[in-house]
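J.: The following block contains the structure, expressed as structure tokens.
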Amino acid sequence: MKKEKLNMGWLFWNDLNPDVKIQVDLPHDAMLTEKRLPGIKNGAATGFFPGGKYIYKKELFGEARFVNQVVLLEFEGIYMKSSVFLNGEKIGGRLYGYSNFYVDLSDKIIIGETNEIKVVADNTQTPNSRWYSGSGIYRDVNLLTGHKKHILETGVKVITKSIDPAVIHVSVDISDEVDDSDVLIKVQFDDKLIGLGNGKECDITIPDAALWDADNPNLYKIVVNLLEDDRIIDEKIISTGIRLLEWNSTHGLVINGKEVKLRGGCVHHDNGILGACCFSKAEYRKVKILKEAGFNAVRSAHNPISKAFLDACDHIGIYVMDESFDQWQIKKSDYDYGLYFREEWERDITSMVMKDINHPSVIMYAIGNEIADTGSIEGPIISRQLAHLCKRLDPSRPVTNAINPVVSVMGNKINNTTTSPDDIVDPYHQTQNAQATASLLANIIVTVVPFISKLMGKPVKVEKLLKPCFDEVDVVGYNYAENCYEPHHKWNPKRIMVGSETYPQSIARNWEMVKKHPFIIGDFMWTAWDYLGEAGMGTPIYGKKRGGFNRPYPCISAGCGAIDLTGHMEASAYYAAIVWGEYHKPYIGVRPVNHVGEKYFFGMWRGTDVVNSWSWKGMEGHPAEIEVFSEGEMIELFHDDVCLGRKPLIEYKAKYETIYKPGALKAISYDDTGRQLAVSYLNSASDETHLTVEPETNTMNADGDDLIFVDVSITDNNGITKMLDDRRIWVEVDGAGVLAGIGSGNPYTEDSFLGTSSMTYFGRLIFVIRSNGETGNIKLKITSDGLETQRLTIISRLM
């Protein structure tokens, strides 16, 4: 079928203010249009953004070609409780905000007239998410048209059966009964035909196959033609890779015959200053930066990831654990998916698997995150249902469940009066209480906390509680339960494990276990990329030694990403890359000199606040604390050629103290023989101050969807960023583009990402230009008080 994006020119309004209608282009995040409110019930979970009810309308002319055709609309994601109308008649929708779905316009669209498509996204019942969800039509909308007899949109499935020789199995679902001779399958590589097949089910041998893995992301095209009287009446083209998965406790995860360890990170679905908007360019950029940072795997937390993200992972080479739900029946917030799980889980799991099945980057399905039901009597039953559905739809991939024993204990508490970890009961013998669906965290955390630490110190109790759920999946995901790996292996040597969520500061210890044990296939830190919502959980507090889970308004982001909201690598990203053996120079990190000597609280999801800078104007003569991360056995640090000592690297790090003065730091790493391995330098900025503007590219596709990210920093004449010289930056855009977003990595801000100015944070910010669909020049003007104005020209052309 023919596929066209239907993103441009929608009329949008908030149901609370129907007189104010504006034209928007999709993807669009309505939540960003709301005023943040310190006192709302959503609170820190959504970064203090409220929900709402939002209406989108678009006209669609009933073309003559639609007569006797199938006409579908695909919505890749609407948050949430969506309803789709055609000419006032409801024709579809979806409760879950992360599933792609289709609505059928065939025989309903009026030919020769203008038809009205209306979409209502109802996100009024809040809180319904533990993080920033966004609102509205935040992913692409596609128009699909074709012959009445056609290949179903999710009808082509490609599975690798073997790699030596390389054999793929292709199955094709057709809307009508057809002869096998009417289905022609072509396999192409580098635009060359290298294989042919016929029929709705066939095996095709690929000679000299170029296999797909994260290091060699080779992609093939599978072209399926549907014939009628020797004429092509429909065509479906799939991009996929030849990639064989195997898994067992002896060799762990095996991809194309090679054992693979997952250098993983968890990612939420938002795109920072763009909110929840899912632009292909933003997803590609995110994946590219993650790969460059040393990650080879991501876990979608905690919902099905976008098609655009998977496309990027296929092309760049990143493994994906795609995750379905953050809750089953037991809720985590008042109006979350737990209300609808019983009725909706089957079609939402099906949507996820059918979306993923041809993406070689997807290597595992996760049926849940920190699901409280795993501690209840129904936990094993639901685990079996979800896992079996995944396996029935796609037997080629393993299934996991990211289980946090602490949350499972909470689920156990709902059905029991447990007051000690020794009292945990076998869930197979619990008394069922199906009505216990009140908000989990609010109702029971107070009673559970006193013995959580005791439970985590007793892996046998975790095993007793959770073995029935562990046994229902191929790979057991452990969230913050690394102490269970080795004892649980002794009790069940055939179990395969993955650190599905771990603290970033624990990567050195965790990675040693991953390398040592084949049954542990990888580690996924929380989190690879900072995200909106769960505000402040990893944001430092200065002046006190204690703090809660979140931070108060105006905190907007979690502040715990190895990579910040703008795509800038933080210290924990370099630390992980060094531990993994993916970064080979010393990283010199300096604690903010303006806070040295103060009390501080990082929270559980941050191990350090160091930054890669020796530019702290105004802090001359103050104590400075330095952390150096490195490979090797020893590190030597110099301050202006004065040696501060040679120290052993303990878990890849060493600490130093000195007195700050502008100049230079130099770190030298050594192996166990004393041989020099690498050298790194860190210089102070000079007195000159410049506004440095660096677009990631100077040309843009005039397709209405393309983006250009532009970095802005306050620097000296050598490009060294001035950490304490934060200023307000204004951006003006004229011509064939629009300003799509502006902001910094600062977790604390009241600046709107939809505004035209923002304060820098540690001397940096970023803004994003979007194509408006026109060709020509895009003129940029970037200003800041007291600094020379910068002007740039971006060229927009059809590519």
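J.: With the condition being among the aliphatic types (A, V, I, L, M), I'd like the strands (runs of 3 or more DSSP E) fully within region 698-789 carrying at least 3 qualifying residues.
T.: Of the strands (runs of 3 or more DSSP E) lying wholly inside region 698-789, those with at least 3 residues that are among the aliphatic types (A, V, I, L, M) span 707-715, 728-735, 737-743, 764-771, 776-783.
J.: When the residues of region 574-603 are filtered to those that are hydroxyl-bearing (Ser, Thr, Tyr) and under 27 Å from ARG546 (Cβ atoms), which remaining residue is surrounded by the fewest Cβ atoms within 10 Å (Cβ to Cβ)?
T.: Per the criteria, the residue is TYR600.
J.: Sticking with this structure for a sec: For region 270-289, indicate whether the set of residues that are within 25 Å of THR502 (Cα to Cα), open to solvent by less than 10 Å² (accessible area, probe 1.4 Å) and either over 16 Å from the mean Cα position of the chain (by Cα) or among the hydrophobic types (A, V, I, L, M, F, W, C) (or both) is non-empty.
T.: yes
J.: Within region 533-550, can you find the residues that are open to solvent by less than 10 Å² (accessible area, probe 1.4 Å) and touching a helix residue (DSSP H, G or I) at 6+ places or on another chain (Cβ under 7 Å)?
T.: GLY533, ALA535, GLY536
J.: Scan region 244-267 for residues that are open to solvent by 10 Å² or more (accessible area, probe 1.4 Å) and either closer than 30 Å to VAL141 by Cβ or of a type in the set (Val, Ile, Thr) (or both) and report the count.
T.: 3
J.: State which residue pairs qualify: first residue small (Gly, Ala, Ser) and inside region 18-41, second residue part of a strand (DSSP E or B) and modelled with pLDDT of 95 or more in any location, beta carbons under 8 Å apart, and separation of 6 or more residues or different chains.
T.: From region 18-41, the pairs are ALA30/PHE12; ALA30/ASN14; ALA30/TYR54; ALA30/ALA121; ALA30/GLY136.
J.: Related question: I'd like to check something: does region 40-54 contain any residue that is in a loop (DSSP other than H, G, I, E, B) and in contact with a helix residue (DSSP H, G or I) (Cβ under 6 Å, 6 or more places away or on another chain)?
T.: Scanning region 40-54 turns up at least one residue that is in a loop (DSSP other than H, G, I, E, B) and in contact with a helix residue (DSSP H, G or I) (Cβ under 6 Å, 6 or more places away or on another chain).
J.: Give the residues of region 106-137 that are polar (S, T, N, Q), in a loop (DSSP other than H, G, I, E, B) and open to solvent by less than 30 Å² (accessible area, probe 1.4 Å), sorted by residue number.
T.: Once the filter is applied, which keeps residues that are polar (S, T, N, Q), in a loop (DSSP other than H, G, I, E, B) and open to solvent by less than 30 Å² (accessible area, probe 1.4 Å), region 106-137 yields SER106, ASN123, ASN128, SER129, SER133, SER135.
J.: Of everything in region 220-231 that's on the phi < 0 side of the Ramachandran plot and free of Cβ contacts under 8 Å to residues at least 40 places away in the same chain, which residue is surrounded by the most Cβ atoms within 10 Å (Cβ to Cβ)?
T.: For region 220-231, the residue satisfying everything is TYR220.
J.: Please state which one of VAL183, VAL158 is within 30 Å of ALA297 (Cβ to Cβ) and surrounded by 17 or more Cβ atoms within 10 Å (Cβ to Cβ).
T.: Result of the check over VAL183, VAL158: VAL158.
J.: Looking only at region 206-219, count how many residues are open to solvent by 10 Å² or more (accessible area, probe 1.4 Å) and within 20 Å of VAL167 (Cβ to Cβ).
T.: The qualifying residues number 9.
J.: Working only within region 357-378, note down all residues that are buried (at least 22 other Cβ atoms within 10 Å of the Cβ) and of a type in the set (Asp, Glu).
T.: Scanning region 357-378 gives GLU370, ASP373.
J.: So how many residues does region 19-43 have that are surrounded by fewer than 17 Cβ atoms within 10 Å (Cβ to Cβ) and hydrophobic (A, V, I, L, M, F, W, C)?
T.: 3
J.: Any idea how many residues of region 1-18 are assigned to a loop (DSSP other than H, G, I, E, B) and surrounded by fewer than 18 Cβ atoms within 10 Å (Cβ to Cβ)?
T.: Adding up the residues that qualify gives 6.
J.: Let me ask something additional. Would you mention how many residues in region 537-550 are out of contact with any strand residue (DSSP E or B) (no Cβ under 6 Å at 6 or more places or on another chain) and either under 19 Å from ILE273 (Cβ atoms) or not in a loop (DSSP other than H, G, I, E, B) (or both)?
T.: 2
J.: Identify all residues within region 604-618 that are open to solvent by less than 40 Å² (accessible area, probe 1.4 Å) and either farther than 21 Å from THR502 by Cβ or among the β-branched types (Val, Ile, Thr) (or both); write none if there are none.
T.: Of everything in region 604-618, those that are open to solvent by less than 40 Å² (accessible area, probe 1.4 Å) and either farther than 21 Å from THR502 by Cβ or among the β-branched types (Val, Ile, Thr) (or both) turn out to be THR608, VAL610, VAL611, SER613, TRP614, SER615, TRP616.
J.: Name the residue that is farthest from LEU196 (Cα to Cα), counting only residues in region 138-176 that are part of a strand (DSSP E or B) and among the acidic types (Asp, Glu).
T.: Restricting to residues being part of a strand (DSSP E or B) and among the acidic types (Asp, Glu), the top hit is GLU153.
J.: Something else now. Applying the selection to region 139-152, what residues are buried (at least 20 other Cβ atoms within 10 Å of the Cβ) and either of a type in the set (D, E, K, R) or touching a helix residue (DSSP H, G or I) at 6+ places or on another chain (Cβ under 8 Å) (or both)?
T.: Across region 139-152, the qualifying residues are ARG139, ASP140.
The values are calculated or read from the model by the stated rules, or taken from the named source; none is laboratory data. In this text, all values refer to a predicted model and were calculated from it rather than measured experimentally. Cβ sites come from the backbone with ideal geometry, for glycine too, and all protein chains shown count toward neighbours. The accessibility values were calculated without ligands, DNA or RNA, using every heavy atom of the protein model including side chains. Shrake-Rupley method; radii C 1.70, N 1.55, O 1.52, S 1.80 Å.
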